[in-house]
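Taking it in order: structure first as structure tokens, then the write-up.
The values are calculated or read from the model by the stated rules, or taken from the named source; none is laboratory data. As the structure is a computational prediction, the values presented were derived from the model and not from experiment. Cβ atoms come from the backbone with ideal geometry, glycine included; neighbour counts cover every protein chain shown.
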Amino acid sequence: MAEEKKPKIDLKARLGKGAGGATPPPPTAGIPVPAVPAASGSSGGAGMSSVPQSSPSGGSGGLPMPPGIPVGPPPAFGQAFGKGSAALDPSNPLAAAATPYRAPTPPPPPQPQRIEVDEMAVQEARKGARKQGLIAGLVAAVVLGAIGFIAGGATETNKGRQKSVGDAKSLGADVAKSRDQLKTIADKVEAGKNSLLKDKKFPDGLAKELGGINVDFDGNKLAGVRFSGFPQETTSTLIEYITQVQTLNDRKTAIIGLLQRLQKPITEQLTAGQKTNINYVVLFGKQDPSRNPFALLAPLTKPIEAANPTAIALPAEFTATDPLTRQNITAPKYTTGNLDKPSAVYVLPKSLEAACPSETAGSIAQLGSQLSRVLTDIRGEQAAPGGDVVTESKPGLIDRAEKLVTSLNRVQ
């Protein structure tokens, strides 16, 4: 790169000698101010300008400078602005004045920026805000619920206790009603049992009477009941009583069905039992292959009826059916003598019924047992006098009902 030539400085022109050689008088007022170089950066004195000077008195304008006197810094100062010249020492007082003024560069206008937002982050932030809002709502609800519970706890407790007392009174009345129904059932069952087993007469109206009585006390009685004031023993006894009453109702239904099914055969047997009916005879005069005599139990082809058991009239001969050959045979009535000859004697009906009970006789025993069990459930079982350790007293439903009524009426 070629070295630039420095412009020559005309000292005579700068000192004003070219204008006639006269030395200008010193200024009478004001202080000469060095000219500030032009922003265009031109060389020499052409880039300098004179600055109006202020008067010592502080006036707005200074005295005019005499013509022919140049205004500007000394040559050594002016050379600092030339190309290739060294800069002034920053510690020099004239350095500030020698620095050319440049207007501040305006800041560039802000450039538009594009902001990218992560949609997933926005959704996560929304979920987090929603979750926080839900948690805050739950906490507020719990706090408000606790405050409401504490505020209304006393009133609710008082109302609950009043309802508990009312429910106890209502249950006590229902238990008392069921107790009266149990007593009625027990009385009717006892009468039917005595008619069947003692009087030998079938209780015709018992099934209808039991069907018209229902012990109305089941689990529906406990619906909506407040048990806050009930003693634990009372609650347990109440539940047991409901279970036992339902068991009794089921047994009563079974007895009604049994009475209806056995009414005809039991009635016929009991009616025939009032007379002596001879149905079987024993046949003698037979021997086995070892020549041992044996007897046969043979049914009569026609039963013999005796209206008076103390005066039974027997025929001279019996006609029966041989159970081995299924053939009818005739044998004279045995009176006396050797049993090797064919003969026959009648079988006492009671002994035969006792040894080989008929189906009807078993039904009578079964019906009597069921009636006795119902009485035990209702009235309980008392221990035998004299301190029998085997048989213990067992309370019945009537006793339980009376104790339960007393316990329910004490609820406060």
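I'd like the residue in the stretch 374-409 that is surrounded by fewer than 13 Cβ atoms within 10 Å (Cβ to Cβ) and of a type in the set (D, E, K, R) and, out of all such residues, is modelled with the lowest pLDDT. Per the stated criteria, the residue is Asp388. Within the stretch 209-223, the set of residues being without any contact (Cβ under 8 Å) to a residue 12 or more places away in the chain and closer than 14 Å to Ser170 by Cα comprises Asn220, Ala223. I need the full set of residues from the stretch 334-346 which are over 17 Å from Lys286 (Cβ atoms) and in contact with a strand residue (DSSP E or B) (Cβ under 9 Å, 6 or more places away or on another chain), in order please. Residues satisfying the conditions are Thr335, Tyr346. What are the residues in the stretch 219-228 that are part of a loop (DSSP other than H, G, I, E, B) and under 15 Å from Leu404 (Cβ atoms), if any? Hits for the stretch 219-228 are Val225, Phe227.
Is it the case that Thr267 is under 30 Å from Leu375 (Cβ atoms), of a type in the set (Ser, Thr, Tyr) and in contact with an Asp or Glu (Cβ under 9 Å, 6 or more places away or on another chain)? For Thr267, the condition - under 30 Å from Leu375 (Cβ atoms), of a type in the set (Ser, Thr, Tyr) and in contact with an Asp or Glu (Cβ under 9 Å, 6 or more places away or on another chain) - is met.
Could you tell me whether the stretch 236-252 includes any residue that is more than 23 Å from Asp399 (Cα to Cα) and not acidic (Asp, Glu)?
Within the stretch 236-252, the subset more than 23 Å from Asp399 (Cα to Cα) is none.
Among the residues of the stretch 236-252, not one is more than 23 Å from Asp399 (Cα to Cα) and not acidic (Asp, Glu), which makes the answer no.
Within the stretch 351-365, if we keep just the residues that are at pLDDT below 80 and exposed (fewer than 14 other Cβ atoms within 10 Å of the Cβ), the residue that is farthest from Leu297 (Cα to Cα) turns out to be Gly362.
You will find that of Lys159, Lys208, Lys200, the residue that is at positive phi and surrounded by fewer than 15 Cβ atoms within 10 Å (Cβ to Cβ) is Lys200 and no other.
When only residues in the stretch 260-318 that are basic (Lys, Arg) and loosely packed, with under 14 Cβ neighbours inside 10 Å count, which is nearest to Lys341 (Cα to Cα)? Give the steps one after another, and end with the answer.
As a first pass, look at the stretch 260-318 and keep what is basic (Lys, Arg): 261, 264, 275, 286, 291, 302.
With the extra rule that they be loosely packed, with under 14 Cβ neighbours inside 10 Å, the set shrinks to 261, 264, 275, 291, 302.
Details: Arg261: 47, Lys264: 43, Lys275: 32, Arg291: 13, Lys302: 23 Å.
Filtering first and then ranking leaves Arg291.
Exactly one residue out of Arg251, Arg291, Arg261 is farther than 20 Å from Ala320 by Cβ, of a type in the set (D, E, K, R) and not assigned by TED's automatic domain parsing to the domain that holds Glu402: that is Arg291.
For the stretch 190-198, check the following and say yes or no: at least one residue is among the basic types (Lys, Arg), part of a loop (DSSP other than H, G, I, E, B) and either closer than 21 Å to Ile364 by Cβ or in the same structural domain as Val405 (by TED's automatic domain parsing) (or both). Even if it seems obvious, please write down each step before you answer.
Of the residues in the stretch 190-198, the ones among the basic types (Lys, Arg) are 193, 198.
Then drop every residue that is not part of a loop (DSSP other than H, G, I, E, B), which leaves 198.
From what is left, the residues that are either closer than 21 Å to Ile364 by Cβ or in the same structural domain as Val405 (by TED's automatic domain parsing) (or both) are 198.
Checked the stretch 190-198: at least one residue is among the basic types (Lys, Arg), part of a loop (DSSP other than H, G, I, E, B) and either closer than 21 Å to Ile364 by Cβ or in the same structural domain as Val405 (by TED's automatic domain parsing) (or both).
If you go through the stretch 311-326 and pick out every residue that is closer than 15 Å to Val347 by Cα and either among the hydrophobic types (A, V, I, L, M, F, W, C) or out of contact with any strand residue (DSSP E or B) (no Cβ under 9 Å at 6 or more places or on another chain) (or both), you end up with 5.
Note on the stretch 351-377: among residues that are of a type in the set (Val, Ile, Thr) and under 21 Å from Thr276 (Cα atoms), the one that is farthest from the chain's Cα centre (by Cα) is Thr360.
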